[in-house]
Amino acid sequence: ELFFDLVSVIAIAAITAGLHHSISEGHGLEKLPVFIFIFIAIWWAWMNFTWFASAFDNDGPFYRSLVMLLMGGEVLFAGGAAYMFETGDFSWGILGWCIMRVAMAVLWFRAAANEEYRTTCLRYAFGVLFAQLLWVGFYFLTEPGTATFYAAGIAIFLVEFAVPLYAERARATPFHRHHIIERYGLLTIISLGEVILAISLGFGALYGDHASVEPVITAVAALVLVFCLFGLYFCEHEHLPSTDFMTAFVWGYGHVLIFGAIAVMGAGVAAELDLATHHSHASQAYVAWWMGGPLAVFLTGLWLTRDRHYSLGWRGYALPTAAVLSLLAAAAGLPSWAFAIIAFGALAGRIAPPVAKEQGANL
């Protein structure tokens, strides 16, 4: 499963790099819709596999073979992610998507051998294939980048999102709560690694004959920011408070805000480093939105999926307050150190103080 995650991140890295260059050229908003479109496709393939594996992974040779086929389709899709981002041409991408979705449908048909969950699995299998037929028609009948393209894409994504709602009504799949929490946490860490990659470019400015301090300051601030995001995400051991369907549904789907925000933040950090090294056509005021905006979305997504379920007292306001401050800092055109301070404040306000051990307790 972690191997599968790494394949997914290749695709995310490709479109994040494209968004970074668009931001530095001052055209980030123009490319944001196609970034969101491709990112949701990558996330959706990951999420479908993750929840299936938690419920029906038997780790047998046939299962592994199908997962490898699924990964092969994703690599084909990932290989063209940057090209699709730039041109909107999904020609080979749709083939990779077909391979992924057909492999996923076969996995569900195989799981249908379990009589207790047969109806649920068949609903998933046929739902996946129906949605895939819509995607094939979408490719042949719409012009990339047009209003029809995005309207039809949104409609098909809604069909995709509705399949679990319909299938789970027959009988809820037996996913393992702690396994799902771990899987989401792993993708969060890998996604934060994409931001770390951008940060490393800032420290690279120290090397060579023309060392520069300004990008290093940006890199240090961004590193503090990333460490704070890590601390905020993992400050609670129980991310998913219950297996109630609607709670799990909002938690699972709501994470797209968290993952997407991290990816956009990686592009924003790289764009601010371009500013620091004088390789950007954008202004600080423009780039600030690509730091403060995704930070606000990350904090809001984390509150939506996790914090609102807990009785935290005044600590429950830490993330919403920091989200508002992030947007205000973006509107003021502040650099990365301001967002690092806001994230640190959110972390300090959100984490619970350590509980004192009783006298005589084991260390």
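Points worth noting:
- Using a probe radius of 1.4 angstrom, the carbon and sulfur fraction of the accessible surface of the range 80-121 is 61%.
- Whole-number accessible area per residue in Å² for the chain, which is evaluated in the context of all protein chains at 1.4 Å: 46
- Relative intensity, log₁₀ I(q)/I(0), of the chain from a Debye sum that treats every alpha carbon as a point, q = 0.10, 0.11 Å⁻¹: -0.67, -0.80
- Unit Cα scatterers, Debye sum, the range 162-278: log10 I(q)/I(0) for q = 0.14, 0.18, 0.22 Å⁻¹: -0.68, -0.91, -1.16
- For the range 232-363, with all protein chains in place and a probe radius of 1.4 Å, 67% of the accessible heavy-atom surface sits on carbon or sulfur.
- Inter-centroid distance (Cα atoms) of the range 54-126 relative to the range 200-237, Å: 36
- Size of electric dipole in the chain: Cβ of Lys, Arg +1 and of Asp, Glu -1, about Cα centre, debye, nearest 20: 820
The values are calculated or read from the model by the stated rules, or taken from the named source; none is laboratory data. Remember, it's a predicted structure, so these values are computed and weren't measured experimentally. No Cβ is skipped: glycine too gets one built from the backbone with ideal geometry, and neighbour counts run over all protein chains shown. Side chains included, ligands, DNA and RNA excluded: accessible areas come from the protein's heavy atoms. Shrake-Rupley method; radii C 1.70, N 1.55, O 1.52, S 1.80 Å.
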